[in-house]
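Asks: My structure is below; once you've seen it, I'll send some questions.
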Amino acid sequence: MEGHMEQAGDATALTDDVGFLLSRASGLVVRASNASLAGHGLRVRSYSVLLLAGDTEEGVSQREMADVLGLDPSQVVLLVDELAAAGLVERRPSPVDRRTRLVTATDAGRAVRARAGVDVDATMTRQLAELTAGEQHLLRELLTRLVAGGRGAVRV
């Protein structure tokens with residue numbers, strides 16, 4: 001019986017820990033998102049790269065992607081390599097810096113991005129169903145502020 005009480009106490013301590021709650025919520029959302037993206041041949045990280053690559057016609061440098069995603073540049077190179085092999089993105093020379101290659105979505109990549117986006121949106125709707133529209137907006141706003149404030153501080 002004493003062991004059972006310890007577990008309940010530990011759970012309460014964890015639910016008071018913002019880091020634990022953020023990590024647990026992230027894990028739930030990532031798993032659900034990965035499941036919805038699997039049919040498109042994507043996972044959350046590769047989908048994120050595809051989103052960034054499709055944001056502009058000119059493309060985005062891999063270093064910029066690494067900064068936005070909070071990843072090591074070598075991880076971004078591998079993700080871009082996978083997407084390029086699938087024909088979803090391509091690397092183009094930068095018009096302003098010959099040493100820089102910009103990543104941009106191909107037409108096929110934009111089509112996959114659009115289809116995958118529908119599935120991810122449906123998944124997020126299910127994941128956030130416990131929150132009102134106002135709470136969802138507030139959550140997004142608070143998380144955006146946290147991410148913006150911590151950008152560049154720690155690489156994952």
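Asks: Take the conditions in contact with a Ser or Thr (Cβ under 6 Å, 6 or more places away or on another chain) and of a type outside the set (D, E, K, R) and apply them to Thr123. Does it pass?
Replies: yes
Asks: What pairs come up if the first residue lies in segment 136-150 and is more than 16 Å from Val18 (Cβ to Cβ), the second is aliphatic (A, V, I, L, M) and at pLDDT 90 or above, and their beta carbons are under 7 Å apart, counting only those six or more places apart or on different chains?
Replies: From segment 136-150, the pairs are Gln136/Leu128.
Asks: Of the residues that sit in segment 30-75 and are outside any helix (DSSP H, G or I) and in contact with a strand residue (DSSP E or B) (Cβ under 9 Å, 6 or more places away or on another chain), which one is surrounded by the most Cβ atoms within 10 Å (Cβ to Cβ)?
Replies: Only one residue fits best here, namely Gly59.
Asks: Here's a follow-up. In this structure, is Leu88 in contact with a strand residue (DSSP E or B) (Cβ under 6 Å, 6 or more places away or on another chain) and under 13 Å from Ser48 (Cα atoms)?
Replies: Spelling it out, it is not the case that Leu88 is in contact with a strand residue (DSSP E or B) (Cβ under 6 Å, 6 or more places away or on another chain) and under 13 Å from Ser48 (Cα atoms).
Asks: Let me ask something else. Counting only residues that are of a type in the set (Asp, Glu) and loosely packed, with under 15 Cβ neighbours inside 10 Å, how many does segment 104-128 have?
Replies: The qualifying residues number 2.
The values are calculated or read from the model by the stated rules, or taken from the named source; none is laboratory data. None of these values were measured; they are calculated from a predicted model. Neighbour counts are summed over all protein chains in view; Cβ atoms, including those assigned to glycine, are modelled from backbone coordinates with ideal geometry.
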